[in-house]
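Engineer: Submitted below is the structure of interest, expressed as structure tokens.
The values are calculated or read from the model by the stated rules, or taken from the named source; none is laboratory data. Quick caveat: nothing in here was measured; it's all calculated off a predicted structure. Positions of Cβ are backbone-derived with ideal geometry, glycine not excepted, and every protein chain shown enters the neighbour counts.
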Amino acid sequence: MNNKIKLAVAGAVLASASVANAGITWTAGDWTVDMNGNVNAFAAQTHASDSNTVNGGLAGTKGNDSDSVGINTGLLPSWLGFTATTRQNDIDTSVTISFQPGAGNTKALAGGNSNNAATENRQAFLTFGDKSWGSVKVGKDLGIFGSTAILNDMTLLGVGAGSVSAGNTTTLGRIGTGYVYADWIGQIAYTTPNMNGFQATLGIVQPWKANTALSTTTVSSGSSGTNDEFGFQGQASYSWTGDFAGKAWAGFMSQNVENIASTGANTSETSTGFEAGVSASVMNINLVAYGYSGDGLGTTSLLGDAFDTTGKARDSDGGYVQATYVIPMGTKLGVSYGVSKLDDNAIDTGAVRGTLVKENNMLTIGAYHPLTKHLNLVAEFSDVESKNYLSQSNDSQTIALGAILFF
């Protein structure tokens with residue numbers, strides 16, 4: 001990824017006291033305040049050729065018309081963030097709060113008012129620490145598990161999968177077609193100081209409820225399960241510089257979930273997930289490879305479709321590969337392919353339960369041009385396929401053109 005673009009993305013997505021966001025800064029007493037963010041929007045058209053039922057599928061389905069169009073934000077929402085930092089008593093402290101307004105809207109009724117996309121509040125956290133012993137984060141921020149996978153995803157600047165015609169706050173990018181969404185999670189996390197390129201983060205996080213996707217008679221979605229223990233997430237990484245620069249990382253998540261079965265029976269399972277990835281750059285070429293595997297981890301979202309109706313965990317795995325090249329005029333050209341798979345259990349049989357998603361995969365080709373230091377033009381094509389356990393599939397293609405501006 002172009003270094004200027006990568007720094008802008010990191011600043012917008014992961015505002016932190018330990019990272020200079022290079023936004024709009026000013027001094028107020030003992031504090032330095034940084035206002036940063038982005039605005040983006042895309043015109044996109046999706047063509048769907050099938051109308052099969054794939055519960056948990058991400059490919060578009062054919063309705064009255066094969067095509068749909070819309071103008072909406074991409075994977076990144078429009079963003080306005082504030083970070084205030086100060087150093088007192090030999091401790092660096094900060095507070096970060098951000099807002100994410102949607103750029104899309106739909107008209108609910110003929111002649112009625114527009115139905116605006118919701119505004120989100122993804123960040124509200126504080127940090128304190130020192131470069132000699134590390135830092136502590138307290139509050140809501142991007143989760144630890146899966147975070148580096150999404151930050152290296154080239155569709156972070158674009159659209160990827162997901163409907164732009166529904167007025168959503170964001171699209172999906174490669175979420176669910178190569179990695180599980182890290183999400184925005186309440187957490188208390190400790191990050192070590194950087195030790196010659198090695199760094200690690202370990203935290204307790206807000207536990208998620210599980211999703212039992214299929215009942216015995218109908219296809220339905222609903223949250224279930226109770227949580228009496230915190231979740232745990234961690235990640236370790238090693239970065240190196242030079243003509244051949246890069247970063248390798250590995251992470252985990254673990255969470256206990258109680259009373260998951262749709263029958264109300266007392267059940268208890270532990271959701272676990274493991275991940276590993278590497279991003280390396282030489283000259284103008286960047287290569288990324290990432291993979292994950294889990295038991296009760298879920299697919300697309302954390303714990304999404306992670307258990308059957310008896311409360312037994314389903315296995316899931318996936319990953320993506322990506323190659324980008326920055327041509328002399330500064331345009332980054334990229335291609336990536338990823339897949340997320342969900343294993344069925346013995347109970348997931350029959351015509352209804354067989355519609356459970358087996359696999360979501362996506363091929364994306366993109367061009368990302370920095371028109372100015374802060375403004376990037378984007379052109380992207382994505383082909384998404386979703387399969388179920390009845391050997392049925394849906395396939396859709398999305399073409400997106402738009403712009404994203406960071407400050």
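Engineer: Would you list the strands (runs of 3 or more DSSP E) that sit entirely within the range 322-407 and hold 3 or more residues that are acidic (Asp, Glu)?
Structural biologist: Numbers: elements: 332-342, 357-370, 375-388, 393-406.
The qualifying strands (runs of 3 or more DSSP E) are 375-388.
Engineer: Would you point out which residue out of ILE404, ILE365 is β-branched (Val, Ile, Thr), buried (at least 16 other Cβ atoms within 10 Å of the Cβ) and under 19 Å from the mean Cα position of the chain (by Cα)?
Structural biologist: ILE404
Engineer: Quick one: ASN388 ticks every box in (1) modelled with pLDDT under 95; (2) touching a Lys or Arg at 6+ places or on another chain (Cβ under 6 Å); (3) within 30 Å of SER98 (Cβ to Cβ) bar one, so which box is it?
Structural biologist: (3)
Engineer: Here are some residues: VAL282, VAL357. Which one is more than 16 Å from ASP153 (Cβ to Cβ), in contact (Cβ under 8 Å) with a residue 24 or more places away in the chain, touching a Lys or Arg at 6+ places or on another chain (Cβ under 8 Å) and not acidic (Asp, Glu)?
Structural biologist: Selected residue: VAL357, the only one of VAL282, VAL357 that is more than 16 Å from ASP153 (Cβ to Cβ), in contact (Cβ under 8 Å) with a residue 24 or more places away in the chain, touching a Lys or Arg at 6+ places or on another chain (Cβ under 8 Å) and not acidic (Asp, Glu).
Engineer: Restricting to the range 121-138, give me the number of residues that are within 21 Å of the chain's Cα centre (by Cα) and surrounded by fewer than 17 Cβ atoms within 10 Å (Cβ to Cβ).
Structural biologist: Qualifying residue count, the range 121-138: 3.
Engineer: Out of everything in the range 228-276 that is outside any strand (DSSP E or B) and aliphatic (A, V, I, L, M), what residue ends up being nearest to TRP208 (Cα to Cα)?
Structural biologist: In this case the residue turns out to be ILE260.
Engineer: Quick check on THR169: is it assigned to a loop (DSSP other than H, G, I, E, B), surrounded by fewer than 24 Cβ atoms within 10 Å (Cβ to Cβ) and not basic (Lys, Arg)?
Structural biologist: Here the answer is yes, as THR169 does meet what is asked.
Engineer: Give all pairs with beta carbons closer than 9 Å in which a residue from the range 17-33 that is more than 22 Å from SER135 (Cβ to Cβ) and at pLDDT 90 or above meets a residue that is among the polar types (S, T, N, Q) and surrounded by 11 or more Cβ atoms within 10 Å (Cβ to Cβ); count only pairs at least 6 apart in sequence or on separate chains.
Structural biologist: Pairs that qualify, where the first residue is more than 22 Å from SER135 (Cβ to Cβ) and at pLDDT 90 or above and the partner is among the polar types (S, T, N, Q) and surrounded by 11 or more Cβ atoms within 10 Å (Cβ to Cβ), are TRP26/THR32; GLY29/THR86.
Engineer: Could you please find all residues in the range 188-206 being of a type in the set (S, T, N, Q) and either at negative phi or touching a residue at least 24 places away in the same chain (Cβ under 8 Å) (or both)?
Structural biologist: Across the range 188-206, the qualifying residues are THR191, THR192, ASN194, GLN199, THR201, GLN206.
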